[in-house]
Amino acid sequence: MPLLTGWRCRAVRPAVPEPSGGDEPEGWLGVDLGVVNLATDSDGTNHSGKVVRVVRRRNNRLRARLQALGTESAKRLLKKRRRKESRYARDVNHRISKALVGVAKGTRRGIKLEDLSGIRDRVTVTKAQRSDLRSWAFRQLRTFVSYKAALAGVPVRPVDPRNTSRECSRCGHTDKRNRRTRDEFRCLRCGHAGPADHNAAINIGRRAAVNRPNAA
């Protein structure tokens, strides 16, 4: 048999299976995205961004020093740091998405994620947190959740998150003053209080999906 020359075998990425539409989920796991907590689900589990912020700010200081040097070796180090930061963010997003999908699948629920349109304009952050908001890969996190959910047969739906941080998850009263601080929620009408991100995640889990294709 003649040898084939100039031929290379390329790995073909398997197609992502569509979630089964036969059975409706028994409920929905709402997920609120943010900077202080990268993701908070409606069960009250937080995926904190504290360590991420520490790493990113350390990298920012190092990057500023390397940029000031302007040498060829400094430029090579900058490229190396950027690749390392990208791998780190990817790993964090993989771990968070795996955890969220695992919880949803284990409880036979679907996942409702906030629609990311305009998130950088909508999320309120301090001046020190603006760099974190601009640089964190929220869209990548959502993509990972959607991909893993499709493989696990978990439906994912995008939700309009407007006022989810101001609406009381107990009585439905919506008021800007309900969210006294970034972390604290207290309803002016019924007095319900708790972590603001958890309250928002519950509201997201109850919202109707926006009129867009399945996030997966």
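The values are calculated or read from the model by the stated rules, or taken from the named source; none is laboratory data. Only a predicted model underlies this, so the values are computations on that prediction, with no experimental measurement involved. Reconstructed Cβ throughout: ideal geometry from the backbone, glycine too, with neighbour counts over all protein chains shown. Side chains included, ligands, DNA and RNA excluded: accessible areas come from the protein's heavy atoms. Shrake-Rupley method; radii C 1.70, N 1.55, O 1.52, S 1.80 Å.
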Exercise. Within the bounds of the stretch 43-52, is there any residue that is of a type in the set (Val, Ile, Thr) and open to solvent by 30 Å² or more (accessible area, probe 1.4 Å)?
Worked result: yes
Exercise. Just checking, which of Arg76, Arg63, Arg81, Arg53 is closer than 30 Å to Glu114 by Cα, in a helix (DSSP H, G or I) and of a type in the set (D, E, K, R)?
Worked result: Arg53
Exercise. With respect to Ser165, is the statement that it is at pLDDT 90 or above, within 19 Å of Arg90 (Cβ to Cβ) and polar (S, T, N, Q) true?
Worked result: no
Exercise. Which condition number does Ser146 fail, the rest of (1) part of a loop (DSSP other than H, G, I, E, B); (2) in contact with a Leu (Cβ under 9 Å, 6 or more places away or on another chain); (3) of a type in the set (S, T, N, Q) being met?
Worked result: (1)
For this session: Take the stretch 144-172 and flag every residue that is of a type in the set (A, V, I, L, M, F, W, C), open to solvent by less than 50 Å² (accessible area, probe 1.4 Å) and within 14 Å of Ile111 (Cβ to Cβ).
Result: Phe144, Val145, Ala149, Ala150, Ala152, Val154, Val156, Val159
Problem set entry | Test for Lys98: is it closer than 20 Å to Ile204 by Cα, open to solvent by 80 Å² or more (accessible area, probe 1.4 Å) and assigned to a helix (DSSP H, G or I) | yes
Exercise. Within the bounds of the stretch 23-43, is there any residue that is modelled with pLDDT under 80, within 29 Å of Thr143 (Cβ to Cβ) and out of contact with any strand residue (DSSP E or B) (no Cβ under 7 Å at 6 or more places or on another chain)?
Worked result: yes
